[in-house]
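Right, one structure below, let's go through it.
Readers should treat all values here as calculations from the given coordinates under stated rules, not as data from a laboratory. Model, not experiment: these values are computed from the prediction.
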Amino acid sequence: MDALIVIDVQNDFCPGGALAVEGGDEIVPGINRLLRDVPIRVFTQDWHPAGHSSFASTQPGHEPFEMVEMDYGPQVLWPDHCIQGSDGAAFHEDLHTEPADLILRKGFRPEIDSYSAFFENDHETPTGLEGYLRARGATRLTLVGLATDYCVAWSALDAVRLGFETAVRADLCRAIDLDGTLATALADMRAEGIAVIGT
Ligand code: VGL
Ligand code: ZN
């Protein structure tokens, strides 16, 4: 059975947001249309407490978009974004959220980031999404949303490694693209057998 995973279509990742992705809002109408065709629909929501360890503002001497080494591995430091309960953390107002079967929040632990919808950034701590999808009978996943090179790519790479047949609708994603991260993410996804559609 097919499932659609809509990654982080939230105000802070859209123009005017704290971590705005160019054209992030352009994908909303296409996602709304696609939602009608897929029987299982999961949305993710980046959901950080104030003072989250992935925020540059909490790491003295560091600026946004710098890379640091955490206990669990390399981590980009971000501007404060998607703070629990804020307008920035809300879904884009035109996104049809009523069809969501499950809204999965991630990144809520202060000490660790979670790009992927399946595992936190230690690649170990599960979010529970795998079990949910298996219990629902999902075998084929289509991913859309923000951002292509971070949360979408990390989710898709975990999905294919977990054995789901995985496709990414690149035309319904937009990227942050820090120094070539989009090209790397697209190449990594293709190398793992993910169908990258609509580039
Ligand atoms: C994301 C950076 C930080 C994403 C979330 O949704 O791609 N990127 N938090
Ligand atoms: Zn985040």
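Per-structure values
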| read-out | value |
| --- | --- |
| Shape call, the stretch 1-153: gyration tensor on alpha carbons, a/c limit 1.5 | oblate |
| Tensor-based shape of the stretch 69-199 (alpha-carbon gyration tensor, a/c under 1.5 rounded, otherwise prolate or oblate) | rounded |
| The stretch 107-173 shape via C-alpha gyration tensor axes, a/c threshold 1.5 | oblate |
| E66 long-range amide H proximity, modeled H, under 5 Å | L77 |
| Relative contact order, percent, the chain [alpha-carbon distance under 8 Å, six or more residues apart] | 24 |
| Gaussian network model of the chain, springs between alpha carbon atoms under 10 Å - residue of F13, F43, F65 with greatest fluctuation | F65 |
| The chain: most fluctuating residue of Y72, Y150, Y115 per GNM, C-alpha cutoff 10 Å | Y72 |
| GNM flexibility winner over the chain from E120, E111, E165 (Cα, springs under 10 Å) | E111 |
